[in-house]
Structure formats: C-alpha cells, structure tokens
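Q: If you scroll down you'll find the structure; I have some questions about it.
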Amino acid sequence: MGLIVQKFGGTSVGSPERIMNVATRVIEEKNRGNNVVVVVSAMGKTTDQLVSLAQEISKQPSKREMDMLLTTGEQITISLLAMALHTKGYDAVSFTGWQAGIETEPVFGNARILNIDTNRVNKELEEGKIVVVAGFQGSTIDGEIVTLGRGGSDTTAVALAAALKADKCDIYTDVTGVFTTDPRYIKDARKLSSISYDEMLELANLGAGVLHPRAVEFAKNYQVPLEVRSSMEKESGTIIEEEGRMEENLVVRGVAFEDEITKVTVLGLSNTLKSLSTIFTTLAKHHINVDIIIQSTTNKNTTDVSFSIQSQDIKDTLQVFVDHKEVLQYENIQFEEDLAKVSIVGSGMVSNPGVAATMFEVLAANDIEVKMVSTSEIKVSTVVEEKNMLKAVEALHQAFELARTAVKQ
Ligand code: ADP
Ligand code: ASP
Ligand code: MG
C-alpha cells in the first residue's frame, strides 16, 4: 500500500459542488489501495476577503491577529471536505496545522516549517482514515498559530509528503499543469510534460504563481516526486523531478513575469569598502527584500547604486534612507515605479551562449527598454516598464519557440 499526499487549491474547493468533486478524486485514490492525506486551501477567494475584512477594521492590523484570522479560511474547508467524505461512506478526519504536528519558526505571516511530528497523522492513517489537513498554517513551539505566506498550502503538502515519506505529492489546481508561461495571459502557452526542480524553483521565484517556491525547495531537498495537475480534467499533468526530460532540446523552458516592481537609485554614495554592506544590511534589518542590484562607479569618492524592490516596500525603503542618512552617507535618492520583471528560465542556457543576447535583441526589436538585468546559470531576468510586460512575455515566448516545441495539451 502506498501513501499519496494530494493538495487542492482555492478554486478547486471554491463551492460545495467542487468540494464534493474533490471528495470523489480523493476516494478514487483511496480505492486504488493507497493511504491518502489531503491538504486543502481556503475556499475560492476567502483569504483575500478576510484580508479586506481586516482592512475595514484596521489599516495596520497586528500580524498575530491577521494569522489568527486567515487560518480560519482553511479550517472551513477541512471540516467540509471531511463531511463530504463521510457522506460518501469514507472514514475521514480533519486536522488544523497544529493538530497535524506542523511546527514552524516564530514569524507571523510568512513562517517556515521547521519540523513535522507525524505521530497523529500516522495513527489515523493506520486506522484506515483519510486525513484532511489545513494548508498554509502551522504553530510555533510556544503554541502561536502562524501562516506560511500566500500560496503556502503547496508547501504544507510537500513538507507533509517529505515527512511522511509519501510515494508522491499531487498538486491539483485550476490549470492542467506547469505551462511555458501563465496560460491565463498568453494563449499560446503549452503544458510541459516534465520540468526539473531547479527550473521550477526559478520559475516559481520569478513570479510563476502555480507553485509556492518553498514547496519546490522542499521537493528538491527531500526528492519528493511532484505532479501539478487539474482538479477538473483527468489528463496527466506536469512531473517535477530531478532532471526534467528535455523536450526537443529546449534551451528556454519558460517565461515568468511579475509586476509591481520599483527601481531605487542612490546617488553620490561615499565610495568606501563598507558602503554597500551598510545599505543592504540596514534594508535587510527592516525586512525589505532587495532583488537586482547594479553598482556603477562614477568617480573616486562616490558611487551610484540601483536596486529593485517590490513596489509595496517603497515607503519603508525611503523612510530607512531618511532615518539613516548620516550612516548611509549618500547625496540623493530617486525611484521609478510601475516596472515589471520578465525572466526566461531553462537549464539548457548553461551550455548555450547567446541566450541573453537573443533576449535583448527581441526586446529591442519590440521597442522595449531594459532597465535592469540579472543572470544566473539558468535564467535571465530583465526589468521593463509594466506597460510592456505582457508584450515582452509574448515576444520572448514566440522567439524561443515555446509554443511550437512544448508538448501540446
Ligand atoms: P491554487 O489555488 O490551486 O493554488 P494558484 O492560483 O495558486 O492555484 O495557481 C494556479 C495559477 O497559476 C493558474 O491559474 C495560472 O494562472 C497561474 N500560473 C502562473 N504561471 C503559470 C505557469 N507557468 N503554468 C501554469 N500556471 C501558471
Ligand atoms: N489560502 C492561502 C492563500 O490564498 C493559501 C493557499 O491558497 O495556498 O494564499
Ligand atoms: Mg497556489
């Protein structure tokens, strides 16, 4: 008998009918002779609605109380799914993150999972029950309830699969797999039959919302076989594994994008060995996540440095610079909003020089100005104006022949 962890996202559990449909999918797996642990998200847009509700009460709600509020979303789904399974004649029990033994670090809003005590889940599985676990939540050693960051139910599922040594983790969602780019925006996007953990990790980190980046990290570190597939259609999805099978020598496997990026430029920074470390340590201390960094030496005594952040952090960033002007020693600070990051990802890039050059040519041919660039062995990211984001994605998707070469659905 095997053990399968299944995860169903918000849309897949968005109504009572859909919860009944999920129950059917769970039972199919159980009837194949497997033990089943099911992780679910909050129904539909519940989490967004809870965030809005909090905003009506307070513009800056306490992070602890936000987590207390948001975790209720998943708690609704687990109980309803367990009831659905009961009505279909199957023994099932629902668990909150705490009851499932998910221990996290003490960080409200974005906690990492530290450990999973699988005793209780295993005991129920041994009794033949289907175990339904609330995604996106855990508890600290002090008994505080925390969330794992938006989209974090994927991480609950993969972490549970790793801890329980499951044979497989299936992520059921509202698309039929991982596509060459977001199929909601680019109609030519095609489903990939497989992709490597490293490529998926880059895509997820660079904005492909189909999987929570930490879920991919867990899957890679614990070698959890992962499949992203549809909760509605029966077709097979995308396998995420150590070495994704290369389809027709694709150099670029996917295009990811993210809007709401702001570029900050610090001018006339005193050119000492420590000036960069002082700036970025100070920003890190204030929990400001800096992405691409570009330094240009202007003269012997001063230098300019640009970096990109998420637009929501601009107010805090400017405040840090105002508050620490004496320590940071700069002349002026400027920023540019309404930017976006467009990235190409593929492990074939390592051995194929000229991929970045092609990317710049394509963007130039489409009159798209590149404002910042960053590269790694398997990705090239560019910052462009937000108004050009989808045009850039479409042009790159076409230039790297992703629609043509990827496996048709
Ligand atoms: P769930 O609620 O099931 O977790 P999400 O909304 O978090 O679902 O993730 C699925 C969505 O991810 C899809 O509807 C799609 O618009 C988006 N997406 C972004 N990039 C990709 C991609 N490369 N492949 C597939 N889906 C993608
Ligand atoms: N319900 C949470 C969210 O909307 C977690 C998840 O769906 O994965 O972010
Ligand atoms: Mg998701």
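This table checks each residue for (1) surrounded by fewer than 19 Cβ atoms within 10 Å (Cβ to Cβ); (2) within 16 Å of ligand 2 (Cβ to nearest atom).
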| position | (1), (2) |
| --- | --- |
| T72 | yes, yes |
| E105 | yes, no |
| N110 | yes, yes |
| I113 | no, yes |
| D117 | yes, no |
| E126 | yes, no |
| E144 | yes, no |
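Q: What pairs can you find where one residue is in segment 372-386 and free of Cβ contacts under 8 Å to residues at least 24 places away in the same chain, the other is in a strand (DSSP E or B), and their Cβ atoms are less than 9 Å apart, with a gap of 6+ or different chains?
A: Taking only residues 6 or more apart or on different chains, the pairs are T375/S381.
Q: Follow-up question, since we're still on this one. Does segment 159-167 include one or more residues that are in contact with an Asp or Glu (Cβ under 8 Å, 6 or more places away or on another chain) and either modelled with pLDDT under 95 or away from ligand 2 (no atom under 15 Å from the Cβ) (or both)? Walk me through how you get there before you give the answer.
A: Narrowing segment 159-167 to residues in contact with an Asp or Glu (Cβ under 8 Å, 6 or more places away or on another chain): none.
No, segment 159-167 contains no residue that is in contact with an Asp or Glu (Cβ under 8 Å, 6 or more places away or on another chain) and either modelled with pLDDT under 95 or away from ligand 2 (no atom under 15 Å from the Cβ) (or both).
Q: Can I ask one more? Among (1) within 16 Å of ligand 1 (Cβ to nearest atom); (2) touching a strand residue (DSSP E or B) at 6+ places or on another chain (Cβ under 9 Å), which single condition is E29 missing?
A: So E29 meets the others, but not (1).
Q: Now for a different question. Across segment 54-110, what is the number of residues that are of a type in the set (G, A, S), within 23 Å of E29 (Cα to Cα) and in contact (Cβ under 8 Å) with a residue 12 or more places away in the chain?
A: Within segment 54-110, the first condition is being of a type in the set (G, A, S), and the residues that meet it are 54, 58, 62, 73, 79, 82, 84, 89, 92, 94, 97, 100-101, 109.
Those still in the list that are within 23 Å of E29 (Cα to Cα) too: 79, 82, 84, 89, 92, 94, 97, 100.
Next, only the ones that are in contact (Cβ under 8 Å) with a residue 12 or more places away in the chain stay: 79, 82, 84, 92, 94, 97, 100.
So the answer is 7.
Q: While we're here: Quick check, is F335 more than 25 Å from the chain's Cα centre (by Cα), of a type in the set (F, W, Y) and open to solvent by 90 Å² or more (accessible area, probe 1.4 Å)?
A: Values: more than 25 Å from the chain's Cα centre (by Cα): yes; of a type in the set (F, W, Y): yes; open to solvent by 90 Å² or more (accessible area, probe 1.4 Å): yes.
Considered against the rule, which asks whether it is more than 25 Å from the chain's Cα centre (by Cα), of a type in the set (F, W, Y) and open to solvent by 90 Å² or more (accessible area, probe 1.4 Å), F335 comes out as yes.
Q: For segment 11-69, name all the residues that are within 16 Å of ligand 2 (Cβ to nearest atom), of a type in the set (S, T, N, Q) and within 27 Å of P106 (Cα to Cα).
A: S41, T46, T47, Q49, S52, Q55
Q: Could you tell me which residue of segment 261-293 is most open to solvent (accessible area, probe 1.4 Å), considering only residues that are at pLDDT 90 or above and part of a loop (DSSP other than H, G, I, E, B)?
A: Per the stated criteria, the residue is N289.
Q: Here's another thing I want to ask about it. So, A365, is that one open to solvent by less than 60 Å² (accessible area, probe 1.4 Å) and on the phi < 0 side of the Ramachandran plot or not? Walk me through how you get there before you give the answer.
A: Values: open to solvent by less than 60 Å² (accessible area, probe 1.4 Å): no; on the phi < 0 side of the Ramachandran plot: yes.
Criteria not met by A365.
Q: With in contact (Cβ under 8 Å) with a residue 12 or more places away in the chain and under 25 Å from the mean Cα position of the chain (by Cα) as the only criterion, which of D304, D313 stands out?
A: Details: D304 fails: under 25 Å from the mean Cα position of the chain (by Cα).
From the options D304, D313, the qualifying one is D313.
Q: While we're looking at this one, here's another question. Considering only segment 317-343, state which residues are under 15 Å from V266 (Cβ atoms) and not hydrophobic (A, V, I, L, M, F, W, C).
A: Taking segment 317-343 first, the residues under 15 Å from V266 (Cβ atoms) are 317-336.
Scanning segment 317-343 gives T317, Q319, D323, H324, K325, E326, Q329, Y330, E331, N332, Q334, E336.
Q: Among the residues that make up segment 163-181, is at least one of them within 22 Å of G2 (Cβ to Cβ), in contact (Cβ under 8 Å) with a residue 60 or more places away in the chain, within 14 Å of ligand 3 (Cβ to nearest atom) and among the aromatic types (F, W, Y)?
A: Yes, because at least one residue in segment 163-181 is within 22 Å of G2 (Cβ to Cβ), in contact (Cβ under 8 Å) with a residue 60 or more places away in the chain, within 14 Å of ligand 3 (Cβ to nearest atom) and among the aromatic types (F, W, Y).
Q: Only residues in segment 131-152 that are among the hydroxyl-bearing types (S, T, Y) count as the first member; pair them with residues that are at pLDDT below 95 and within 16 Å of ligand 3 (Cβ to nearest atom), Cβ under 7 angstrom, at least 6 apart or cross-chain, and list the lot.
A: Filtered contacts from segment 131-152: no entries.
Q: On to the next question. Take the residues of segment 334-354 that are modelled with pLDDT of 95 or more and hydrophobic (A, V, I, L, M, F, W, C): which is nearest to I288 (Cα to Cα)?
A: F335
Q: Sticking with this structure for a sec: For segment 74-103: of the residues being aliphatic (A, V, I, L, M) and open to solvent by 60 Å² or more (accessible area, probe 1.4 Å), which is nearest to S139 (Cα to Cα)? Walk me through it before giving the result.
A: Residues of segment 74-103 that are aliphatic (A, V, I, L, M), as a first pass: 76, 78, 80-85, 92-93, 100, 102.
Add one more test, that the residue is open to solvent by 60 Å² or more (accessible area, probe 1.4 Å), and what stays is 76, 80, 83.
Values: I76: 18, L80: 22, M83: 25 Å.
Ranking the candidates gives I76 first.
The values are calculated or read from the model by the stated rules, or taken from the named source; none is laboratory data. Quantities reported herein were computed from a predicted structural model and do not represent experimental measurements. Every residue, glycine among them, receives a Cβ derived from its backbone with ideal geometry; neighbour counts consider all protein chains shown. The accessibility values were calculated without ligands, DNA or RNA, using every heavy atom of the protein model including side chains. Shrake-Rupley method; radii C 1.70, N 1.55, O 1.52, S 1.80 Å.
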